[in-house]
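The values are calculated or read from the model by the stated rules, or taken from the named source; none is laboratory data. Because the structure is a prediction, the values reported are computed rather than measured. Using ideal geometry, Cβ is built from the backbone for each residue, glycine included, and neighbour counts are taken over all protein chains shown. Just so you know, the surface numbers come from the protein's heavy atoms only, side chains and all, with ligands and any DNA or RNA stripped out. Shrake-Rupley method; radii C 1.70, N 1.55, O 1.52, S 1.80 Å.
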Amino acid sequence: MSTATDTIEEFVNKEYQYGFVTDVETDTIKPGLSEDVVRLISAKKNEPPFMLEWRLKAYRHWLTLKEPTWQQAHYPPIDYQASIYYAAPKPKKVLGSLDEVDPELLKTFDKLGISLNEQKRLTGVAVDAVVDSVSVATTFSKELAKHGVIFCSFSEAVQKHPELIEKYLGSVVPYTDNFFAALNSAVFSDGSFCYIPKGVRCPMELSTYFRINTANTGQFERTLIVAEEGAYVSYLEGCTAPMRDENQLHAAVVELIALGTKTEIKYSTVQNWYPGDKNGKGGIYNFVTKRGKCLGASSKISWTQVETGSAITWKYPSVLLQGDNSVGEFYSVALTNNYQQADTGTKMIHIGKNTRSTIISKGISAGRGQNSYRGQVKILKSASGARNFSQCDSLLVGDKCGAHTFPYIEVKNTSSQVEHEASTSKIGEDQIFYCNQRGIATQDAVNMIVNGFCKEVFRELPMEFAVEAQKLLGVSLEGSVG
Amino acid sequence: MNQPLLEIKNLQAGVENKQILKGINLTINAGEVHAVMGPNGSGKSTLAAILAGRDGYDITGGTVLFRGQDLLEMDPEVRAREGVFLAFQYPVEIPGVNSTYFLKAALNEVRKHRGLPELDALEFLQVVKDKMKLLELNEDLLKRPVNAGFSGGEKKRNEIFQMAVLEPALAILDETDSGLDIDALKIVATGVNRLKRPDSAQLVITHYQRLLDYIIPDFVHVLYNGQIVRTGGKELALELEEKGYDWIIQPHAAA
């Protein structure tokens with residue numbers, strides 16, 4: 001009994017490693033939300049009129065909405081007037097290269113182990129670093145430009161490619177979609193934009209690191225990825241945030257569009273925002289809307305996520321399978337401990353013929369963590385020959401946590417096939433003792449078992465992310481021997 | 001080198017309020033094979049579990065020294081690294097954890113503890129290949145998760161295979177013969193016999209004499225009602241096979 005309990009205690013008591021605050025001058029507006037604030041944000045960003053119009057429509061629509069309460073999560077009501085809706089680090093001068101970036105910020109990235117200098121020299125990962133709300137540095141843009149790939153901050157895209165933004169912004173997640181998407185649409189401050197032209201295979205993994213840094217700042221990121229016919233892109237998103245007492249709201253929107261035949265977008269996330277302390281105090285509220293649209297025939301959108309942070313996660317990366325033979329995938333690991341709550345899953349909407357989707361969800365609950373899988377598989381009448389396979393596995397560590405599964409399946413076509421498998425298991429004392437008896441300490445045994453449980457999902461991550469994900473779960477690397 | 005490998009003195013233990021072991025005395029020297037036999041419920045598996053350090057038992061008296069050190073004070077993983085190996089009666093399945101990875105981690109923990117360099121994947125595979133032949137195990141088993149979906153016989157052979165890789169100083173075989181057909185039994189016994197070394201010892205716990213046709217013990221102990229009631233040579237096992245346990249336990253049951 002006690003060995004297993006000790007492990008859980010250790011798990012639970014692990015301090016958040018990334019709890020530090022960067023001391024950078026910040027340009028912050030007063031807390032609160034109104035039409036004036038929306039106008040101010042738009043003006044600060046020097047946006048064209050269509051953007052302001054869109055933001056205002058979103059804001060007015062948001063006013064008519066009520067915060068959703070259907071999710072399996074409990075938290076005190078959020079005071080939206082207490083949040084700050086715009087904060088940007090003040091650059092000391094116009095930035096031309098990394099050398100000019102605030103050294104404090106660079107130090108922050110060093111602490112996170114994602115130093116831009118290093119990144120630049122190494123693996124060919126282009127990094128668009130978002131600190132608070134404004135992109136600070138973009139690397140590799142020249143190399144990308146050679147291939148006609150646009151990869152820049154959202155603000156820059158609004159200035160340089162307004163026609164693309166106007167055409168695609170909100171085309172997958174309209175501002176009317178839900179409460180948090182409407183809020184984001186009204187006040188989003190920055191994010192990333194990516195455009196891959198016809199037939200181009202993006203020569204490197206694109207990567208963004210988000211970080212919430214100003215106390216009491218709601219952060220509203222917006223990512224838009226548009227890939228033309230036959231294009232391929234792999235996009236990585238990694239998140240760490242410093243330690244804060246107040247709960248911080250994060251409501252991002254990510255839109256993916258696979259336009260033509262055989263277009264492929266792969267989107268991977270590793271999220272380890274501050275989960276709150278061991279008594280459930282503090283932590284990020286992560287209420288995100290992520291959706292992709294497979295418009296072209298045989299196009300493919302693949303979501304992979306490793307969610308280990310945030311006090312509350314509310315997130316359902318989804319795929320609209322519109323093109324015939326298009327493919328949607330969702331691979332997820334969600335870990336909750338202490339008082340963390342995660343309600344996450346996916347929606348696969350089959351519209352085109354012979355569309356296929358795969359859902360692999362792994363939920364790990366420890367401490368008093370609550371983990372819910374919520375997924376919808378919808379096969380419309382038009383989707384003849386559509387197929388779905390879903391697998392939802394839950395792993396419990398200790399006896400105070402919970403796992404919940406809410407699968408919604410809606411099939412309107414008789415020629416389609418839907419499979420759903422689910423399992424719940426517990427790390428048993430017998431398993432721990434067996435490992436101990438072979439010389440493996442309890443913490444290592446737990447890591448080994450958790451890592452094994454998540455293997456199917458880690459396999460989907462790009463190499464450098466898989467390593468980070470395994471580290472994040474406190475897991476020793478599982479070798480591929482044999 | 002006259003220090004015994006294992007020295008159990010007056011060991012008393014139980015669960016909650018039930019006393020199971022009522023004063024066990026047993027000394028094992030390097031190079032010896034000991035068999036502990038006894039009817040169901042006599043405390044055989046409890047003895048194995050306590051030596052390996054399984055949680056949930058109250059130790060109420062006595063001492064256990066392993067190479068002169070207090071074994072009962074050590075965490076189970078430390079005992080394993082020191083060279084105490086338990087072949088489980090019911091090997092545990094660990095889904096998702098690759099057998100090769102598991103065993104490599106285990107071996108490297110043992111090597112680290114002994115101040116030896118860790119083996120890399122290639123060196124480890126070489127060790128494994130040699131030992132697999134010994135147990136006539138299919139290499140495919142190593143690609144599967146630990147014990148997951150193994151047959152009863154495969155699980156038992158896998159235990160002895162792990163023992164072969166880890167080279168323990170004291171191997172405790174807890175009813176390794178149960179659930180094995182005669183062919184598997186021979187393979188397991190042959191494996192165990194080949195693993196005998198002058199500097200190590202084996203403690204074979206069994207209900208039936210059958211296994212002892214193949215693993216020849218130096219000493220046979222009869223455990224009954226939490227105590228060793230008789231100790232003899234290998235012929236004692238044969239006598240038990242012939243006459244059953246009653247003739248030994250009768251006087252103790254009456255007492």
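Numbers at a glance
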| quantity | calculated |
| --- | --- |
| Accessible-area composition of region A:229-373, carbon plus sulfur, in percent [1.4 Å probe] | 43 |
| Cα pair count fraction exceeding 20 Å, expressed as % - region A:261-335 | 40 |
| Protection proxy ranking, peptides B:30-36, B:233-239, B:144-150, average beta carbon neighbours within 10 Å, highest first | B:30-36, B:144-150, B:233-239 |
| Value of Rg to Rh for region B:22-139 (Rh from inverse mean 1/r over Cα pairs, i.e. Kirkwood) | 0.99 |
| Accessible carbon and sulfur surface of region B:1-97 relative to its total accessible area, %, 1.4 Å | 43 |
| 222 nm mean residue ellipticity, helices alone, for chain B (DSSP H n ≥ 4; -39,500 (n - 2.57); rounded to 500) | -11500 deg cm²/dmol |
| Chain pair B, A: total accessible area buried, heavy atoms, 1.4 Å probe, Å² | 2600 |
| Hull volume in cubic angstrom per residue (convex hull over the Cα atoms of region A:268-423) | 78 |
| Surface accessible to a 1.4 Å probe, per residue, for the residues of region B:128-255, Å² | 44 |
| Radius ratio Rg over Rh of region A:309-372, counting only Cα atoms, Kirkwood formula for Rh | 1.13 |
| Reachable lysines from B:K44, criterion Cα separation under 21 angstrom, eight or more residues apart if same chain | B:K9, B:K18, B:K22, B:K155, B:K156, B:K234, B:K243 |
| Residues along region B:52-69 losing 50 Å² or more of accessible surface when the other protein chains are present rather than the chain by itself (probe 1.4 Å) | B:R54, B:D55 |
| Computed over chain B: relative contact order in percent, which uses C-alpha pairs under 8 Å that are six or more apart | 27 |
| Whether chain B is rounded, prolate or oblate, judged on the alpha carbon gyration tensor where a/c under 1.5 counts as rounded | prolate |
